[in-house]
Structures are given as structure tokens and as C-alpha cells.
Amino acid sequence: MKKQVQFLSADGKTMVEVSCWYPEQQPVATLQIVHGMVEFIERYDLFAEYLNKNGIIVVGHDHLGHGQSIQSKEHFGHFADENGSELLLSDIHTVNEKISEQYPTLPHFIFGHSMGSFLVRNYLAQFETNFSGVIIMGTGWHNPKEMTVAELMASTIVTIRGAMYRSKFLDQLAFGGFNRQFEPARTSKDWLTRDEIEVDKYLLDPRTQFIFTASSYKELFRLVRQACSRDEVQRIPDHLPMLVVSGAKDPVGANGRGVQTFVQVVKEYTTSRLTLLLYEEARHELLNEINQKVVYQDLYFWLKKYIDTY
């Protein structure tokens with residue numbers, strides 16, 4: 001059973017759309033999903049329904065500027081005029097608190113994909129949490145100095161053109177090279193998945209056809225810079241079970257190299273019980289890949305391991 005609820009965002013003016021998927025049987029755990037950039041939480045319907053069949057409650061919300069969490073269509077891709085990353089993290093925390101209050105006896109897990117993976121990495125380092133495990137999908141490792149430069153460029157554009165300005169330069173800076181390794185490409189989004197039907201669905205959905213505002217890009221670069229700071233990694237809770245999953249042909253993770261760097265740094269600075277899964281030939285959106293069933297099973301079996309020992 002699926003239910004939609006709302007709460008007032010930390011920005012004080014936007015209603016945040018939350019999707020809750022409930023199993024028919026007695027629940028055994030909860031999973032909070034933190035979705036990625038230029039998408040929306042309803043794209044996780046099939047995955048949530050699969051987990052429901054195994055007794056797991058799934059909850060996730062549309063970030064500010066995404067899905068139904070907008071004041072108008074002009075706000076697609078816009079977190080806020082300033083401090084957008086802090087607002088996103090605060091909204092994630094609000095959802096987590098509500099889940100914990102409603103299900104105090106169940107183990108709680110969190111899952112972050114793509115931009116959501118960098119949000120979760122920031123969230124774990126900056127907030128007190130009670131998770132029994134975390135899944136990081138579609139992530140990477142980027143030079144913090146390069147991210148600082150990108151952040152400064154975005155900040156300059158905000159100052160000159162305004163917070164809601166849409167910069168093709170910043171969009172190219174963020175995504176420009178992602179499709180290059182798949183040339184000659186069928187579409188501009190071949191890097192997302194090998195499943196052509198899923199790529200076409202993405203390209204035809206108006207909820208995924210926008211670019212970030214300059215202020216949102218500034219905040220995105222900030223989130224990535226912080227997530228790739230060794231100081232930030234040191235603040236990830238010790239002994240936290242962590243599953244890191246990525247496609248071996250995912251450009252966000254530098255075809256596995258950036259993912260492996262992240263894993264190495266986590267192992268260096270924490271005692272997290274870490275598992276890495278790299279899927280050969282798979283691209284960015286593992287939940288929409290042609291090996292989707294295998295990915296679903298792997299994620300569930302990992303969750304079940306820590307549910308059973310809770």
C-alpha cells in the first residue's frame with residue numbers, strides 16, 4: 001500500500017511530498033530513500049514494492065526543486081536562493097525523525113543514489129543518526145580543490161545573473177563528459193542505463209527535463225566537496241554497516257575508480273563494516289539497469305543480513 005503525505009520544508013514555504021510504501025505483512029525494518037538529481041521519488045516505485053514484499057517499509061521524499069516539492073514549475077531545479085544544501089539535509093532529517101518516532105522498535109536503514117549518495121554522506125557526518133546500515137549507490141570521489149573552484153564559479157554566476165539563472169556552462173561543467181564514453185550514442189542520456197526503454201521514459205518525462213539553477217549548482221558542488229573531504233569522512237559513525245554499489249561503467253564514479261577511492265578512504269578513517277559491489281558493464285542507474293533483478297536481490301540480501309542480527 002502506498003500513501004502520500006506532506007510536511008513543511010525547512011525553507012518555511014514549500015510543502016515537501018513524501019511517499020510511503022507499506023507491506024501487507026508485519027514490518028521488519030524501514031528504509032529511507034534519498035533520491036538523486038533531476039528525478040523524483042516515484043521513480044522508486046518498483047524497488048519499494050519489491051522491498052514491501054519482504055516486509056520492509058519504504059519512505060522517501062521529493063527534494064526541494066524536484067517532483068511535487070515545488071512552489072511552481074519555475075522552481076524545478078531550484079533548492080533555494082541560498083543555503084540550499086542545508087535545507088535539503090534538514091528535510092532528510094525531518095523524514096528520518098518521523099520514521100524513528102513512528103517505528104521505534106524497528107531497524108532503520110538509509111539509501112542514497114547519485115546526488116542522494118552525496119547528501120547521505122554529508123548527513124551521516126553532520127547529524128546524530130540511529131541507522132542499522134546505509135546503502136550508497138551511484139557515488140564517486142572528486143578532488144575537493146576542483147569542487148571548490150566549481151563552487152566559486154557558480155557563486156560568481158549567482159552574484160552576476162541571480163540565484164535562479166540557468167547556466168548552460170554550469171550544466172556542461174557538471175554533465176558534459178558523462179555521455180562521451182558511449183559515443184556514438186543513441187541519446188544524450190545513454191550514460192544512465194543500458195535499458196533503452198528506461199532512457200526513453202526519462203527523456204519523455206517533464207519532471208526530469210530541467211537544468212539546475214546557478215544557486216543549486218553552487219550547493220551541489222558544495223555537497224560534493226564536503227562529502228569528499230577526509231575530515232567529513234572521519235565523522236561517519238564507526239561500526240556502521242555500509243553497502244557501496246555502482247556500475248563499472250558509471251561516469252559519476254569514474255567507471256569504478258572514484259567509488260574504490262571512496263571505499264579506501266572510508267576504510268582508512270572509520271571502522272565501518274563495508275561491502276563494495278561493482279556491476280560489470282552497468283551504468284549509473286542500477287535500479288533501472290538490464291540486470292535490475294540481480295541488483296534488487298543483492299540489496300535485499302544485504303539488508304536482511306542486518307535485519308536478522310538486529
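FYI, it's all coordinate maths here, none of it is from the lab. These numbers come from a predicted model, not from an experiment. With ideal geometry, Cβ positions are generated from the backbone for all residues, glycine too; neighbour counts draw on all protein chains shown.
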Worksheet item: Take the residues of the stretch 181-199 that are more than 21 Å from the chain's Cα centre (by Cα) and not small (Gly, Ala, Ser): which is surrounded by the most Cβ atoms within 10 Å (Cβ to Cβ)?
Response: Phe182
Worksheet item: From the list Asn52, Asn83, Asn122, Asn96, which one is among the polar types (S, T, N, Q), over 15 Å from Met15 (Cα atoms) and under 14 Å from the mean Cα position of the chain (by Cα)?
Response: Asn122
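Search the stretch 275-292 for residues being in a helix (DSSP H, G or I) and among the hydrophobic types (A, V, I, L, M, F, W, C), and hand back the single one that is farthest from Asp45 (Cα to Cα).
In the first step, residues of the stretch 275-292 are kept if they are in a helix (DSSP H, G or I); the result is 286-288, 292.
Keeping just the survivors that are among the hydrophobic types (A, V, I, L, M, F, W, C) gives 286-287.
Working: Leu286: 14, Leu287: 11 Å.
So, considering only residues that are in a helix (DSSP H, G or I) and among the hydrophobic types (A, V, I, L, M, F, W, C), the one farthest from Asp45 (Cα to Cα) is Leu286.
Within the bounds of the stretch 104-120, is there any residue that is surrounded by fewer than 18 Cβ atoms within 10 Å (Cβ to Cβ), over 18 Å from Asp238 (Cα atoms) and of a type outside the set (Phe, Trp, Tyr)?
First, pick out the residues of the stretch 104-120 that are surrounded by fewer than 18 Cβ atoms within 10 Å (Cβ to Cβ): 104-105.
Retained after the next criterion (residues that are over 18 Å from Asp238 (Cα atoms)): 104-105.
Narrowing further to those that are of a type outside the set (Phe, Trp, Tyr): 104-105.
Scanning the stretch 104-120, I find at least one residue that is surrounded by fewer than 18 Cβ atoms within 10 Å (Cβ to Cβ), over 18 Å from Asp238 (Cα atoms) and of a type outside the set (Phe, Trp, Tyr), so the answer is yes.
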Practice prompt. Name every residue in the stretch 207-248 that is charged (D, E, K, R), more than 18 Å from the chain's Cα centre (by Cα) and under 16 Å from Trp141 (Cα atoms), in order of residue number.
Written response: Arg230, Asp231
Practice prompt. Return yes when Phe47 is touching a Leu at 6+ places or on another chain (Cβ under 8 Å) and more than 24 Å from Arg207 (Cα to Cα) and no when it is not.
Written response: no
Practice prompt. Taking Leu46 as the residue in question, decide whether it is of a type in the set (A, V, I, L, M), closer than 29 Å to Glu198 by Cα and either in contact with a His (Cβ under 6 Å, 6 or more places away or on another chain) or surrounded by 20 or more Cβ atoms within 10 Å (Cβ to Cβ) (or both).
Written response: no
Discussion item. Among the residues that make up the stretch 35-44, is at least one of them of a type in the set (Gly, Ala, Ser), under 21 Å from Leu124 (Cβ atoms), out of contact with any Pro (no Cβ under 7 Å at 6 or more places or on another chain) and in a loop (DSSP other than H, G, I, E, B)?
Written reply: yes
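Does the stretch 175-194 contain at least one residue that is assigned to a helix (DSSP H, G or I) and of a type in the set (Gly, Ala, Ser)?
Initially, the stretch 175-194 is screened for residues assigned to a helix (DSSP H, G or I), giving 175, 180-182.
After this cut, where a residue has to be of a type in the set (Gly, Ala, Ser) as well, the list is none.
No; the residues of the stretch 175-194 include none that is assigned to a helix (DSSP H, G or I) and of a type in the set (Gly, Ala, Ser).
Out of everything in the stretch 160-180 that is of a type in the set (A, V, I, L, M), more than 19 Å from Leu192 (Cα to Cα) and in contact (Cβ under 8 Å) with a residue 12 or more places away in the chain, what residue ends up being surrounded by the most Cβ atoms within 10 Å (Cβ to Cβ)? Don't jump to the end; show me each part of the working.
Initially, the stretch 160-180 is screened for residues of a type in the set (A, V, I, L, M), giving 160, 163-164, 170, 173-174.
Still in the running and more than 19 Å from Leu192 (Cα to Cα): 160, 163-164, 170.
Narrowing the set further to residues that are in contact (Cβ under 8 Å) with a residue 12 or more places away in the chain leaves 163-164, 170.
Working: Ala163: 18, Met164: 15, Leu170: 23.
Per the criteria, the residue is Leu170.
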Worksheet item: Is it the case that Ser117 is of a type in the set (Ser, Thr, Tyr), outside any loop (DSSP other than H, G, I, E, B) and farther than 20 Å from Phe47 by Cβ?
Response: no
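Taking the stretch 88-113, which residues are farther than 28 Å from Asp308 by Cα and touching a His at 6+ places or on another chain (Cβ under 9 Å)? Can you show your working first?
Here is the first cut: in the stretch 88-113, the ones farther than 28 Å from Asp308 by Cα are 88-91.
Of everything in the stretch 88-113, those that are farther than 28 Å from Asp308 by Cα and touching a His at 6+ places or on another chain (Cβ under 9 Å) turn out to be Leu88, Asp91.
Quick one: count up the residues across the stretch 252-280 that are within 21 Å of Met115 (Cα to Cα) and touching a strand residue (DSSP E or B) at 6+ places or on another chain (Cβ under 9 Å). Break it down stepwise before answering.
So in the stretch 252-280, the residues within 21 Å of Met115 (Cα to Cα) come out as 252-266, 274-279.
If we keep only those that are touching a strand residue (DSSP E or B) at 6+ places or on another chain (Cβ under 9 Å) as well, we get 252-253, 255-256, 258-260, 262-263, 266, 274-279.
Count: 16.
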